[in-house]
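Trainee: Quick one: this structure, given as structure tokens, is what I'll be asking you about.
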Ligand code: B16
Ligand code: MG
């Protein structure tokens, strides 16, 4: 059977979480409260709109629709200033080796991310050409753990969900892959990602022989 491979972006291909954090922290500070790295954990894999809602809950701030929209734009502009400076040096270890492994075997590859900035980021770091399909925050309506993002990717790749493999760093992302009946591979802390079918701290721990077993 034909296998398909779906990658999350933030925390799997690049570590953009630190830039999201700095941009949210700047906004929080402007609004007069602190935003910690620990609180930032709740923002991983979550849409921009939902992140702002949580941030305002943390700061106990009631916003008008107009303020809300303005802060969404402001945060994204600050985030894009960081993205603008990104290059290939920010690709996480051994990601190119795994992409190359799949590409040389002609296997279809998709991105499955909540980010609306996914495409420019892949372009910046020079990985866009590896992807047969980009499913991002612009094409999905339901957030992970809803499996929508991965099911669209599976259909775009023309590979049945049960033959898709998902690489994810967020609990909600692993749950989404499991609900979609896909093989879930947790990238990161195995105690956090206990629901994953397989766990690796990062791609340097994933051998070519393990990748071979995924093709069967
Ligand atoms: P944007 P992923 C997610 O990316 C991030 O983990 C999350 O923190 C962010 O809020 C979300 O993208 C939306 O990003 O503001 O760029 O649209 O992990 O799903 O690749
Ligand atoms: Mg992620």
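Since every read-out is calculated from the coordinates, none of them should be taken as a lab result. Note that the structure is a prediction, hence the values are computed from the model and not measured. Cβ coordinates were reconstructed from backbone atoms using ideal geometry, including for glycine residues, and neighbour counts include every protein chain displayed.
Trainee: For the residue pair residue 172 and residue 66, what label-to-label distance in nm results when each label sits 7 Å from Cα along the Cα-to-beta-carbon direction?
Mentor: Reported label-point gap for residue 172 and residue 66 is 3.0 nm.
Trainee: With a ≥ b ≥ c taken as the square roots of the eigenvalues of the C-alpha gyration tensor of the range 1-129, please select rounded if a/c is under 1.5 and otherwise prolate if a/b is larger than b/c or oblate if it is not?
Mentor: Here the range 1-129 falls in the prolate category.
Trainee: I'd like to know how the range 161-216 sits against the 2.2 N^0.38 Å rule of thumb: what's its Cα Rg over that expected value? If you can, show how the numbers build up before the last one.
Mentor: On the way: Rg = 10.6 Å, N = 56, 2.2 N^0.38 = 10.2 Å.
That ratio works out to 1.05.
Trainee: Using alpha carbons only, how many degrees (0 to 90, rounded to 10) separate the axis of helix 65-84 from the longest principal axis of the chain?
Mentor: The two axes meet at around 50 degrees.
Trainee: In what sequence, highest mean first, do 195-202, 29-36 appear when ranked by Cβ atoms within 10 angstrom? Can you show the working numbers first?
Mentor: Working: 195-202: 16.6, 29-36: 12.5.
Listed from highest to lowest mean packing, they are 195-202, 29-36.
Trainee: So what is the calculated 222 nm ellipticity per residue for the chain, using -39500 (n - 2.57) for each DSSP H run with n of 4 or more, over all residues, to the nearest 500 deg cm²/dmol?
Mentor: Calculated mean residue ellipticity at 222 nm is -13000 deg cm²/dmol.
Trainee: Report the calculated FRET efficiency for residue 81 and residue 31 (r = Cβ-Cβ distance, R0 = 25 Å), to the nearest 0.05.
Mentor: Numbers: r = 19 Å, r/R0 = 0.76.
Once rounded, the FRET efficiency stands at 0.85.
Trainee: Helix 95-104 sits at what angle to the longest principal axis of the chain, using alpha carbons and giving 0 to 90 degrees rounded to 10?
Mentor: So the inclination is approximately 40 degrees.
Trainee: Stokes-Einstein D for the chain at 4 °C, 1.567 mPa s, Kirkwood Rh over Cα pairs, in µm²/s? Before the final figure, lay out the partial values.
Mentor: On the way: Rh = 17.7 Å.
It diffuses with D of about 73 µm²/s by this estimate.
Trainee: A follow-up question, please. With no solvent and one equal point scatterer per Cα, compute the Debye intensity ratio I(q)/I(0) for the range 22-78 at 0.19, 0.20 Å⁻¹ and report its log10, rounded to two decimals.
Mentor: For the range 22-78 at q = 0.19, 0.20 Å⁻¹, log10 I(q)/I(0) is -0.60, -0.67.
Trainee: I've got another one for you. Under the classification rounded if a/c is under 1.5, otherwise prolate if a/b is larger than b/c and oblate if not, where does the range 119-216 fall, given a ≥ b ≥ c as square roots of the Cα gyration tensor eigenvalues? Each step should come with its number before you reach the end.
Mentor: Working: a/c = 1.35, a/b = 1.17, b/c = 1.15.
Here the range 119-216 falls in the rounded category.
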